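The values are calculated or read from the model by the stated rules, or taken from the named source; none is laboratory data. Note that this is a predicted model, so its numbers are computed, not measured. Because the Cβ atoms are built from the backbone with ideal geometry, glycine has one as well, and the counts that use them run over all protein chains shown. Ligands, DNA and RNA are stripped out before the accessible areas are found, and what is left, the full protein with its side chains, is counted by its heavy atoms. Shrake-Rupley method; radii C 1.70, N 1.55, O 1.52, S 1.80 Å.
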Amino acid sequence: MSRAKRVITIHVRSEEEKEELLKEIQKLRLPAFIYVHGKLDSIKINVQGTKDEIREAIGKIRAIHNRVRAKLYPDKRGLYHYSPDDLFREAGTSVSLPVLLRTLRLKGETVIFDEDKKELVTSLPWTEALRLVRELGQALAEISLQTTRQIREVVLPVSVVYGIPAEDVLELLVELGLAEWKEDKFKYELIKNKEQALEEVIKHLSKEGEEDED
C-alpha cells in the first residue's frame, strides 16, 4: 500500500486545553506515525501512513479534542461533560461512582449521569472535580478497612462537603444511632438505609451550625 502524509492544525482556546490535548494524544496507540508540534494557540500534527491509517488517526485525534473541550468548557447550560473513569485516572485515586454523585449533589451541584454515554454532566468544572475526587480518595483511605461500601456512601460525602474527618463522621453516625460496629466483621455498618442516614446526619449538622451561630 502506498504511504501518504497529511498535516492538520487544531486551534486551542487556552494553554490548559493545549496541554490536555497533547497529553491525551501521547496516550494514543495508532498505526499511523504522527509528529506533533505545539504553537501558541494551535497544535500542528503531521500524520503519515496509509490513507486508512491516516483517516483513523485523525478521527481519533478529533474525538479526543472534542472530549477535552467538553470537560474544560461549559455547554450552553453551563454544564461540563466528562468521563468518571478519566476523572478517577487523572486524580490518581478511585472512589465509587455513587459516592461521587452523592457528594456532588450534597455540594449543591447540578449532576446527571448519562448511562448510555457513561458520561458525567455537571456544573462543577473539571479542575475542581479533580480536587474533589482527591479529597474523597484521602477520606476513603482513612476508613476503607473498617467500613462497608454502603456506609461509605454516607461518610465520604459528609466528610468532604462539611470538612469533618471521616473517622469523626463514623463516630457521629454511631452516636446518632444510624450505624454500629460489627465485632464479627470488624466493620462499621449502617442500621438505617443510606438516604435516611444521610438525611439525619445532615439535619444534625445543620442544627449544630445554627446553634453555633446563636
Subset of the stretch 1-59 [among the hydrophobic types (A, V, I, L, M, F, W, C), under 19 Å from A70 (Cα atoms) and without any contact (Cβ under 8 Å) to a residue 40 or more places away in the chain]: V12, L22, I25, L28, I43
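Tell me whether the stretch 167-184 contains one or more residues that are among the aromatic types (F, W, Y) and open to solvent by 50 Å² or more (accessible area, probe 1.4 Å). Give the derivation first.
Taking the stretch 167-184 and keeping what is among the aromatic types (F, W, Y), we get 181.
Restricting the remaining residues to those that are open to solvent by 50 Å² or more (accessible area, probe 1.4 Å) gives 181.
Among the residues of the stretch 167-184, at least one is among the aromatic types (F, W, Y) and open to solvent by 50 Å² or more (accessible area, probe 1.4 Å), which makes the answer yes.
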Unmet requirement for T93, which otherwise passes all of (1) buried (at least 18 other Cβ atoms within 10 Å of the Cβ); (2) in contact with a helix residue (DSSP H, G or I) (Cβ under 6 Å, 6 or more places away or on another chain): (1)
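For the stretch 107-126, name all the residues that are outside any loop (DSSP other than H, G, I, E, B) and either open to solvent by less than 70 Å² (accessible area, probe 1.4 Å) or under 14 Å from F88 (Cβ atoms) (or both).
To start, the set of residues in the stretch 107-126 that are outside any loop (DSSP other than H, G, I, E, B) comprises 111-114, 119-122, 126.
Answer for the stretch 107-126, where residues must be outside any loop (DSSP other than H, G, I, E, B) and either open to solvent by less than 70 Å² (accessible area, probe 1.4 Å) or under 14 Å from F88 (Cβ atoms) (or both): V111, F113, D114, E119, L120, V121, T122, W126.
In the stretch 56-82, how many are in a helix (DSSP H, G or I) and either open to solvent by less than 70 Å² (accessible area, probe 1.4 Å) or not acidic (D, E) (or both)? Full working, then the answer.
Kept after step one, since they are in a helix (DSSP H, G or I), are these residues of the stretch 56-82: 56-72.
Subsequent filtering for residues that are either open to solvent by less than 70 Å² (accessible area, probe 1.4 Å) or not acidic (D, E) (or both) retains 57-72.
The number of residues fulfilling the criteria is 16.
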Which numbered condition G137 fails, given (1) assigned to a helix (DSSP H, G or I); (2) at pLDDT 95 or above; (3) open to solvent by 70 Å² or more (accessible area, probe 1.4 Å): (3)
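What number of residues in the stretch 189-203 are open to solvent by 50 Å² or more (accessible area, probe 1.4 Å), modelled with pLDDT of 90 or more and of a type outside the set (V, I, T)?
From the stretch 189-203, those open to solvent by 50 Å² or more (accessible area, probe 1.4 Å) are 191-193, 195-196, 199-200, 203; that's our starting set.
Subset that is modelled with pLDDT of 90 or more: 191, 193, 195-196, 199-200, 203.
From what is left, the residues that are of a type outside the set (V, I, T) are 193, 195-196, 199-200, 203.
Matching residues across the stretch 189-203 total 6.
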Tally, over the stretch 197-209, of residues that are touching a strand residue (DSSP E or B) at 6+ places or on another chain (Cβ under 9 Å) and without any contact (Cβ under 8 Å) to a residue 24 or more places away in the chain: 0
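Please tell me if R149 is under 16 Å from V99 (Cα atoms), of a type in the set (K, R) and surrounded by 13 or more Cβ atoms within 10 Å (Cβ to Cβ). Outline the logic, then answer.
Numbers: under 16 Å from V99 (Cα atoms): yes; of a type in the set (K, R): yes; surrounded by 13 or more Cβ atoms within 10 Å (Cβ to Cβ): no.
It is false that R149 is under 16 Å from V99 (Cα atoms), of a type in the set (K, R) and surrounded by 13 or more Cβ atoms within 10 Å (Cβ to Cβ).
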Residue in the stretch 133-153 that is out of contact with any helix residue (DSSP H, G or I) (no Cβ under 6 Å at 6 or more places or on another chain), β-branched (V, I, T) and within 26 Å of L79 (Cβ to Cβ) present: no
Residue selected from the stretch 1-55 under the condition assigned to a strand (DSSP E or B), more than 29 Å from T127 (Cα to Cα) and among the polar types (S, T, N, Q), by the criterion least open to solvent (accessible area, probe 1.4 Å): N46
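Restricting to the stretch 104-157, name every residue that is among the β-branched types (V, I, T) and more than 17 Å from the chain's Cα centre (by Cα). Spell out how you get there, then give the answer.
Step one: filter the stretch 104-157 for residues among the β-branched types (V, I, T), giving 110-112, 121-122, 127, 133, 143, 147-148, 151, 154-155.
Of everything in the stretch 104-157, those that are among the β-branched types (V, I, T) and more than 17 Å from the chain's Cα centre (by Cα) turn out to be I143, T147, T148, I151, V154, V155.
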